[in-house]
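Note sheet for the following structure.
The values are calculated or read from the model by the stated rules, or taken from the named source; none is laboratory data. Just so it is clear, the model here is predicted, and its values are computed rather than measured. Glycine also receives a Cβ, built like all others from the backbone with ideal geometry; neighbour counts cover every protein chain displayed.
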Amino acid sequence: MVPALLRQGGTRAALAIVLFIAALAIGAGAVLRSAEYDEGYTSLVTSPVPRPAWPEGAFTPRDVAPVLEAVVPPAEVARQLRETDVHPPLYFWAAGLLRQAGLTELGALRAFSVLCAVAAVAAFMAAAGLAGIPPLAAGLLTALSYGFAYTGGVARGFALAHLMLGLAALAVVLAWRRNSAVAAGAAGLAAGLASFTNYLAAFPAAALLGWLLIAPGLGWARLRLLAVAAVPFLALQLANLSYFLPQRGSRPEQFEPFAILPALKLLGQFNAANLFGGLPLYADGVARLALGAGLAGLLLAGAVAVAWRWRGLGPTRWLWLGGFAAPSAGLLLLGALAGNTPVELRYLAFAGPFAALLLAGAAGAVAQRHPRAALAGLALLLAVQGAGIAGMALHPATRQAYRDAMAALSPLLGPQTLLLVPRGNDGVGIVVATLREAPADQPMLLLRDGVPVTPPAAYRRLVLLAITDRDGARQADAALARLRADPAWREAATPWRDARRGFAAHLFEAAPASTSGVADLPEGIVIGRAHHGGE
């Protein structure tokens, strides 16, 4: 007898339980993980000043809180995206409307992402059920995919793009099953909106629509359905160009130069991490190698099961394979054309639900003859995925470091301590993440290119927080060299270090009888505008 988890259907209660598990898995990361570099752009590109000129003197997070709380209407968001960022507008319009409604906190924006991600799980489950794939298994494998769960809990557009892809997949299957032009048009619209949320979602979106050309049983009707789907999809690509072209060259050094072998290696690593997370990062030495080998073996076993029961996956098997392969193929093509290597886990997260449907379909096909083996294999996959999700929420190795750094530094912080923070590339990513994780009244001073650090005399301790991007590393190194050469300050300790990423915090104390420093805290702040491309 086929286990309930692997049947081609499910009760409402079972479906609700899967969605509840999805909310827990995705929401845990949203609640427990640090504020992130890219999330600062979400707040500021929907504000009056997307690239603030922060105070040149010392200030506190409370001083600049109004900058992060101010909001502009959608038309102004659209204009600012064309001038200062590298993304399409749909998610930012939604985020801006939420912020206009008073939901300006990072937690509220993350909650919106979580809702979109859970709805995406429901959409992919519905598509799986229509296609004859066990929906409960598909939903669990999707929700516990590390890349999907991680991107589903951050204040960026990934979760909304996942939702649009899930709706597009559902509509494509409906168009095929019912030979429905209305469903085909809905598929094209949802696929276009996915790319209008995140450019890279265009690759799996196009693969979904392209499947109509080879979908079985449609005859010449396939051309009609594809044409209907193509109209809204292509219209939204034209809209995308109005945002992409003004900013296409704004981040020339964001990625490493293109090389085919390193790119293929990264694609392999991140596709594996997309399903299972960073478990090898939680161990050292032989244990790390053993974990890596075990996960590689598990991934290979899953691929073998899909290949072994390929025909048993049903008529939509090429639909899911196309959705899975499209993000990798698209990134490889983009890298070759642009001469760089734009391969990151979050970009490959769009492949996660399609891998989940392939694995769920294979498990369901195996269960027809070997139900116990299929259930055991699925349980092992889900257990490993669950461990990866727990690590995502709890382990510092796979989350950004701002919250962990502040927790370690908390005994040293306070009104007598000045926190030195690199401005970084354009004063958004590092600065806003630090503002969100630091105590509200903690004095801070930004390190800038070409501006020697001159700590005010009011402080007896300095903590240089060297969480950096490329520009931030240069700024932190210059400040360290100057402070180490200044007899008024002595380096006392390194109270926090992230050895894997090379980040650290350096504590300096005022030397006896020191008279260094020339300024007091400013009473006001001046916010200006500068234009750079954001992440």
**Report entry** Spans of helices (runs of 4 or more DSSP H) in the range 126-222 with at least 1 residues surrounded by fewer than 23 Cβ atoms within 10 Å (Cβ to Cβ), at negative phi and of a type outside the set (S, T, N, Q)
**Finding:** 158-178, 181-197, 202-210
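Results for (1) of a type in the set (Gly, Ala, Ser); (2) touching a strand residue (DSSP E or B) at 6+ places or on another chain (Cβ under 9 Å), shown as yes or no for each residue.
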site: 396; (1), (2): no, yes
site: 401; (1), (2): yes, yes
site: 410; (1), (2): yes, no
site: 413; (1), (2): no, yes
site: 422; (1), (2): no, yes
site: 429; (1), (2): yes, no
site: 438; (1), (2): yes, yes
site: 451; (1), (2): no, no
site: 459; (1), (2): no, yes
Report task. For residue 51, work out the one condition from (1) surrounded by 19 or more Cβ atoms within 10 Å (Cβ to Cβ); (2) basic (Lys, Arg); (3) more than 22 Å from residue 244 (Cβ to Cβ) it doesn't fulfil. Result -> (3)
Query raised in the report: So residue 236 fits all but one of (1) under 26 Å from the mean Cα position of the chain (by Cα); (2) surrounded by fewer than 18 Cβ atoms within 10 Å (Cβ to Cβ); (3) modelled with pLDDT of 95 or more; what number is the exception?
Result: (2)
Query - Within the range 22-48, tally of residues that are free of Cβ contacts under 8 Å to residues at least 60 places away in the same chain and either buried (at least 22 other Cβ atoms within 10 Å of the Cβ) or in contact with a Pro (Cβ under 7 Å, 6 or more places away or on another chain) (or both) - result: 2
Query - Near pairs, Cβ below 6 angstrom, 6+ apart or cross-chain, from the range 293-312 (in the same structural domain as residue 382 (by TED's automatic domain parsing)) to any residue that is aromatic (Phe, Trp, Tyr) - result: 295/276
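Looking at 434, 468, which is the one that is of a type in the set (Ser, Thr, Tyr), assigned to a loop (DSSP other than H, G, I, E, B) and surrounded by 14 or more Cβ atoms within 10 Å (Cβ to Cβ)? Quick ask: steps written out before the conclusion?
Values: 434 fails: assigned to a loop (DSSP other than H, G, I, E, B).
None of the others qualify; the one that does is 468.
Within the range 483-535, how many residues are modelled with pLDDT of 90 or more, in a loop (DSSP other than H, G, I, E, B) and farther than 30 Å from residue 397 by Cα? If you could, list the steps in order and put the result at the bottom.
Here is the first cut: in the range 483-535, the residues modelled with pLDDT of 90 or more are 483-498, 501-510.
Narrowing the set further to residues that are in a loop (DSSP other than H, G, I, E, B) leaves 486-488, 501-502.
From what is left, the residues that are farther than 30 Å from residue 397 by Cα are 486-488.
The number of residues fulfilling the criteria is 3.
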Query raised in the report: What tally of residues in the range 437-458 results from selecting those that are at pLDDT below 95 and part of a loop (DSSP other than H, G, I, E, B)?
Result: 9
